[in-house]
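For reference, the structure discussed in these notes is given below.
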Amino acid sequence: MTQALTKLLLRPDFILVGGNNWKPIKNGELLVENDRILYVGPRRQYEGREIDREIEGKNKLIMPGLVNAHTHAAMTLFRGYADDMALMNWLEKKIWPAEARLTPEDIYWGTMLAIGEMIRGGITCFADMYFHMDMVAQACLESGIRAALSQGLIGLDKAKGAAGIIESKNIVSRWHGAGEGRITIMLGPHAPYTCPPQYLVEVMEVAADLDLPLHIHLAETRNEVKESLQKHNKRPVELMDSIGLFQHKVLAAHCVHLSQEEINILASKGVAIAHNPGSNLKLGSGIAPLADLLKEGALVALGTDGAASNNNLDILEELRLAALLAKGSQEDPSLIPAHQALDMATLNGVKSLFLEDGLGVLKTHSPADIIMLDLEKPHLNPLHELDAHLVYAAQSSDVEMVMVKGKILMEKRRLLTIDEERVFYEANTRATHLTY
């Protein structure tokens, strides 16, 4: 169990407040009271003031927690099972048959494995789309992480599609706002090629009635674009725009194959984009036009996708890939500077999940979602530009402490809310029966 502290004082060598401000506060301090940041800034004297605990941070850096804006958490159970295959071949021959054997308990333990990995990598919040979301929500509740969850909806079969909408409504009633607000619910139509336009209209009506965002895969592969043009005479983004999807709050994953017109649509309609460079590379899907999206003012966050197509849940790796791919593919080293990459991994992630104001930045009254990194590593010295170090050199193993909503979930690399030994045993046992 995590400790119940009222006031916790952090005094690291460096504080990065984030929120478009990545200049370090040297020898500063941050005071957490209950679940909120009470103060961040220069060090003060606390003699005679009541502090429950003080953590000195020599050679340490604290910053906002990282956000994984798109994943399928329980797919950790398929990590390393179906590699080096094209997307549809991968889905149809390997993943979908294995997923048909998933039990609710499998989902719970696969999600626990994912959450442990994400916490260890400094992720304090993630967006998930998968099955048996009651079990995913339970894992989030117990582990203390923040999450925006959506039941994956498939509309190719009318009866199953209707049942999925009913189940999504039930999940909203059971879990939206649970964990003192840590858990929120989105609606998750899988993709335009698995959710016909009429079904998407039904989902959109539910989203409007419940005032919930939508989480969807969009324009991931060239073949998806080709089939959309054949069936609808419109590219995927154009099709979604024509049916009114973007009149709602939308988180669109991937967005790899886009025309300039589609880029303009996504930016002008305020669509949040979850950029998944690692998964897109591994599946051979291509390289998203990140620099062009940002140039037009699009909101872009970072995701890992599932661990079956990545094969890890490491956002520090994703932000590095995002920056380097943009620079290399367009032969321009000035693209995606370090501070912009960090924005995508923090504040943009919060915005893309449509979470409360104040998250994603360390400021007074903001929720205390904080991570601390150990700078006493060869690859992080000398300490020239810390934002650049985080993007181009830092590793997930540098994360030493993770706090969500004022509760410490990991300290000195030890998980406090997850029994890793039990999780490893359950995940390995269940993965064996799923992939026989």
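The values are calculated or read from the model by the stated rules, or taken from the named source; none is laboratory data. Everything quoted here is computed from the prediction, not taken from an experiment. Cβ coordinates were reconstructed from backbone atoms using ideal geometry, including for glycine residues, and neighbour counts include every protein chain displayed.
In the condition set (1) of a type in the set (S, T, Y); (2) over 26 Å from R146 (Cα atoms); (3) modelled with pLDDT under 95, S334 is compliant with all but (3). Restricting to region 117-156, and then to whatever is modelled with pLDDT of 95 or more and part of a loop (DSSP other than H, G, I, E, B), can you tell me which residue is farthest from A345 (Cα to Cα)? Ranking the qualifying residues of region 117-156, first place goes to L156. Applying a threshold of 6 Å to beta carbon distances and a minimum spacing of six or more residues, or different chains, the list of pairs starting in region 105-123 at a residue that is closer than 16 Å to S150 by Cα and free of Cβ contacts under 8 Å to residues at least 60 places away in the same chain and ending at one that is surrounded by 23 or more Cβ atoms within 10 Å (Cβ to Cβ) and not hydroxyl-bearing (S, T, Y) reads I107/A74; Y108/A139; T111/A73; T111/A74; T111/V136; T111/A139.
Taking A207 as the residue in question, decide whether it is in contact (Cβ under 8 Å) with a residue 24 or more places away in the chain, over 23 Å from P277 (Cα atoms) and not in a helix (DSSP H, G or I).
Values: in contact (Cβ under 8 Å) with a residue 24 or more places away in the chain: yes; over 23 Å from P277 (Cα atoms): yes; not in a helix (DSSP H, G or I): no.
When the stated conditions are applied, A207 does not pass them.
Quick check on region 420-427. Is at least one of its residues in contact with a helix residue (DSSP H, G or I) (Cβ under 7 Å, 6 or more places away or on another chain) and assigned to a loop (DSSP other than H, G, I, E, B)? First the steps, then the outcome.
Our first condition is that a residue be in contact with a helix residue (DSSP H, G or I) (Cβ under 7 Å, 6 or more places away or on another chain); within region 420-427, this holds for 420, 423, 426-427.
Then keep just the ones that are assigned to a loop (DSSP other than H, G, I, E, B); that gives none.
For region 420-427, residues in contact with a helix residue (DSSP H, G or I) (Cβ under 7 Å, 6 or more places away or on another chain) and assigned to a loop (DSSP other than H, G, I, E, B): absent.
Scanning region 57-80 for residues that are surrounded by fewer than 17 Cβ atoms within 10 Å (Cβ to Cβ) and either part of a loop (DSSP other than H, G, I, E, B) or aliphatic (A, V, I, L, M) (or both) yields one hit, G80. Can you find a residue that is among the β-branched types (V, I, T), closer than 15 Å to L353 by Cβ and crowded, with 16+ Cβ neighbours inside 10 Å anywhere in region 187-204? Within region 187-204, not a single residue is among the β-branched types (V, I, T), closer than 15 Å to L353 by Cβ and crowded, with 16+ Cβ neighbours inside 10 Å.
Residue count for region 131-142, restricted to those that are crowded, with 24+ Cβ neighbours inside 10 Å and farther than 14 Å from H176 by Cα: 1.
Sub-9 Å Cβ pairs linking a first residue in region 265-292 that is at negative phi to a second residue that is at pLDDT below 95 and among the basic types (K, R), at least 6 apart or interchain, number zero. Of all the residues in region 288-343, those that are part of a loop (DSSP other than H, G, I, E, B) and of a type in the set (D, E, K, R) number 5.
Go through (1) under 23 Å from the mean Cα position of the chain (by Cα); (2) within 24 Å of G19 (Cα to Cα) and name the single condition A73 misses. Among (1) under 23 Å from the mean Cα position of the chain (by Cα); (2) within 24 Å of G19 (Cα to Cα), A73 violates only (2). Return a yes/no flag: does region 110-130 have any residue that is closer than 28 Å to S285 by Cβ and of a type in the set (F, W, Y). Yes, region 110-130 contains a residue that is closer than 28 Å to S285 by Cβ and of a type in the set (F, W, Y). Each residue in region 382-401 was checked for being farther than 23 Å from L313 by Cβ, touching a helix residue (DSSP H, G or I) at 6+ places or on another chain (Cβ under 9 Å) and not aliphatic (A, V, I, L, M), and 1 pass.
Got at least one residue in region 36-48 being under 24 Å from H254 (Cα atoms), among the aromatic types (F, W, Y), assigned to a loop (DSSP other than H, G, I, E, B) and at pLDDT below 95?
Residues of region 36-48 under 24 Å from H254 (Cα atoms): none.
No - not one qualifying residue is present in region 36-48.
Within region 343-368, residues that are within 15 Å of L302 (Cβ to Cβ) have Cβ atoms under 6 Å from residues that are part of a helix (DSSP H, G or I) in these pairs: A345/I315; A345/L319; G360/L347; G360/V350, counting only partners at least 6 apart in sequence or on another chain. Examine region 364-381 for a residue that is touching a Pro at 6+ places or on another chain (Cβ under 8 Å), closer than 22 Å to C255 by Cα and not hydrophobic (A, V, I, L, M, F, W, C), and state whether such a residue exists. Checked against the condition, which is being touching a Pro at 6+ places or on another chain (Cβ under 8 Å), closer than 22 Å to C255 by Cα and not hydrophobic (A, V, I, L, M, F, W, C), region 364-381 yields no hits at all. For E331, the requirement of being outside the structural domain of L149 (by TED's automatic domain parsing), more than 29 Å from M186 (Cβ to Cβ), more than 15 Å from the chain's Cα centre (by Cα) and surrounded by fewer than 24 Cβ atoms within 10 Å (Cβ to Cβ) is not met.
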